[in-house]
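Some notes on the structure that comes next.
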């Protein structure tokens, strides 16, 4: 058999991949899953932490302004508290869009 006698054929192959779906009934943890999604959607914990931070910021700034001669350490403490609040609020405000991207929403 030489090279001129080679026969080329196109073969079309159709493959069907399926999985067998086994119905296992209702998920016993489905209520907990719905509760977790509701808590995530309502953003309870970030709002609670932000509220506590605002409360503490208010009282620490009022304390600082009542000092007659604040020291360098006291002014550093207030500076750190205010800076941490800016970072915390930035994380809170930026987390909504990343959460939607993670869930596949637009």
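Remarks
- Here residue 15 clears all of (1) within 30 Å of residue 95 (Cα to Cα); (2) at pLDDT below 85 except the condition numbered (1).
- Odd one out for residue 70 among (1) at pLDDT below 90; (2) not in a helix (DSSP H, G or I): (1)
- Pair list, Cβ < 9 Å and 6+ apart or interchain, from region 39-61 residues that are at positive phi and at pLDDT below 90 to residues that are surrounded by 10 or more Cβ atoms within 10 Å (Cβ to Cβ) and assigned to a helix (DSSP H, G or I): 43/92; 43/95; 43/96; 43/99
- Among the criteria (1) loosely packed, with under 12 Cβ neighbours inside 10 Å; (2) modelled with pLDDT of 90 or more; (3) not in a helix (DSSP H, G or I), the one residue 106 does not fulfil is (2).
- Scope region 79-103; condition farther than 17 Å from residue 50 by Cα and modelled with pLDDT of 80 or more; matching residues: 79
- Scanning region 36-45 for residues that are surrounded by 12 or more Cβ atoms within 10 Å (Cβ to Cβ) and outside any loop (DSSP other than H, G, I, E, B) gives a single hit, 40.
Conditions (1) in a helix (DSSP H, G or I); (2) closer than 30 Å to residue 81 by Cα; (3) under 31 Å from the mean Cα position of the chain (by Cα), marked per residue:
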{"site": "13", "(1), (2), (3)": "no, no, no"}
{"site": "19", "(1), (2), (3)": "no, no, no"}
{"site": "23", "(1), (2), (3)": "no, no, no"}
{"site": "26", "(1), (2), (3)": "no, no, yes"}
{"site": "47", "(1), (2), (3)": "yes, yes, yes"}
{"site": "53", "(1), (2), (3)": "yes, yes, yes"}
{"site": "56", "(1), (2), (3)": "yes, yes, yes"}
{"site": "60", "(1), (2), (3)": "yes, yes, yes"}
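The values are calculated or read from the model by the stated rules, or taken from the named source; none is laboratory data. These figures come from a predicted structure and were not determined experimentally. Here Cβ is always computed from backbone atoms with ideal geometry, including for glycine, and neighbour counts include all displayed protein chains.
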